[in-house]
Amino acid sequence: MSCLQTIEDYGLRAVGIGERLLPREDFTLCHQFTLIGSGMIWNVYFGLVALTLGFFLATALAMGKASSRALFRKPCEWFIFLFRGSPLFIQFFFAYFLFLNLKSVHPFFEPFTAAWLGALVVLFFNTAAYSAEIFYGALLSIPKGDIEAADAYGLSGWSRFKRVIWPTMLRLAWPGYTNEAIFLFQSTALVFFSGFPAWQQRGDALYYASYFADKTFNPFVPYPILAFYFILLTLVVISVFGLVNKRLNRHLPQNTRQKIRLRPNLIR
Amino acid sequence: MACYLTTGKHMSIYTSVLTVLLLLGITAPIALAFGFGGATAARSQIAPLRWFGKTYIAIVRGVPDIAFFLFFVIALDQAVEYLRHKVLCPDWEAPIRQGNDFVVCQAAKMPLGNAPQWVHESYGFGLAVVTFAIVFGAFAANVLFGAMRAVPKAQLETAEAYGMSQHQTFWRILVPQMWVYALPGLSNLWMVLIKATPLLFLLGVEDIVYWARELGGTKTPRFTDYPHGDWRMWYFLALLVFYLLFTRVSEIVLGRIMSRLTSGQATSGGEAQRKAAA
């Protein structure tokens, strides 16, 4: 069986298209590359959707936390503390069993017990909380002069936010936010490892990697492949975020522009 | 209910909470020592020592993530068994690596096959501690190295002007002053360390995550005296609250320490304290 045939059979296996049965013997390198790569579809999906939705919630939370009214500030502070103060590992477990219980109360929660929605919700809230803290920090370090200048021009309310505060906040937060994005993609590996079960063996990259490691008793092939895919993903994230960073900094002189410094985190 | 929560099985979940606290309590000082050693080595005048320190710190920047945890445990385990094998069975013929298998003689097995259960458990725990200490030590070294460089140069020059030796300058001037610069980084590290403890579960130690899954699961009347439905949600809620409380307490304590360390320092925080007092 040629490698092209394998890719055709298993390339979209993680989303349920193609061969139903996973290979049981004669594991070739091609099998491993294809299936683990197919699992990456899930990692990319979780990361991309959570990051996009989380961005908006994070902005709202950061504004709320910086608000002078306790009515807005307190809930935001609590939300951020809740998700930053506990391990993501535990959050996944708790959310899964919470949704399981809710399902018996109302069928509306049925899809939440599946990974594609349930885990996504957890990741969404989690990244929103972490990014909100980064945005909040940036919000506090906006130069005083910028806001005074906006006031002097007669900008206020929404237009001041849209034209001055928000772009400056993003510019200052961007290096930190890039690290958060990379880290979010890496923590998508926890989804099938904790709590949420893989349905019909449609798992993410780590799921297939551990499948191969179990079957071949050799962890030294599938895990490096997994690492290879993650490094690739990280490079893509860095280059995309680098482009945005360039655009956010385009009005500044070359030597004052902020560079993105990579600071890998350990765990959340 | 109160009676149910104090059954033998539940006692083991409480002990596993202690396990987590013990891990934190043992790991934190060791990691700090590793970090201090690494940072001092990286500043050393002797080149090989400096290279060693720099390489150790570079691990932090280079390799991210759980990879450390999954890798170090296996690597350490195999290294220990390999060394024991060399010492204890010198006349062993067969190669140690046979394909994917790692074969050593019976006497070199760690822990010994006939050792009691608790030895196995504490060996696993010990490996976990060493792994955590190595990984977090590298992080701490990075923080402390930065802190040592942040101490104002003028302070060190003054010390030299007073005729202090290298050694004296380091211990009397640099070390007492560096903590205030190191503390934000170190407290961040402490928070990360707290949140990394559920990983013990992945390392195969029977920790709180393991017990929460075990005990919360559905109990049927046939197998136990206390049948109940799926309670895992409540057990994990308890874990969540435990971690949140722990984080909160740490935040408060670290805040106190910070304000103590800041007093009398030549930083903007110290300046603010002086102004507030006046």
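The values are calculated or read from the model by the stated rules, or taken from the named source; none is laboratory data. Just so it is clear, the model here is predicted, and its values are computed rather than measured. Note: ideal-geometry Cβ built from the backbone for every residue, glycine included; neighbour counts use all protein chains shown.
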Hits in region B:149-173 - residues which are part of a loop (DSSP other than H, G, I, E, B) and small (Gly, Ala, Ser): B:GLY163, B:SER165
Region A:203-221, subset closer than 9 Å to A:GLN32 by Cβ and more than 12 Å from every other protein chain (Cβ to nearest Cβ), residue surrounded by the most Cβ atoms within 10 Å (Cβ to Cβ): A:TYR208
Filter pass, B:ALA196 being under 18 Å from the mean Cα position of the chain (by Cα), more than 9 Å from chain A (Cβ to nearest Cβ) and either at pLDDT 80 or above or under 24 Å from A:ARG84 (Cβ atoms) (or both): no
Any hit, region A:226-237, residues being away from chain B (no Cβ under 14 Å), of a type in the set (A, V, I, L, M, F, W, C) and surrounded by fewer than 18 Cβ atoms within 10 Å (Cβ to Cβ): yes
In region A:89-113, residue farthest from the other protein chains (Cβ to nearest Cβ) [restricted to those that are free of Cβ contacts under 8 Å to residues at least 24 places away in the same chain and aliphatic (A, V, I, L, M)]: A:VAL105
Given (1) among the polar types (S, T, N, Q); (2) without any contact (Cβ under 8 Å) to a residue 60 or more places away in the chain; (3) part of a helix (DSSP H, G or I), number of the condition A:SER86 does not satisfy: (3)
Test: residue in region A:207-220 that is at pLDDT 80 or above, part of a loop (DSSP other than H, G, I, E, B) and at negative phi: no
Residue in region A:53-75 that is surrounded by fewer than 17 Cβ atoms within 10 Å (Cβ to Cβ), within 14 Å of chain B (Cβ to nearest Cβ) and either in contact (Cβ under 8 Å) with a residue 40 or more places away in the chain or part of a helix (DSSP H, G or I) (or both) present: no
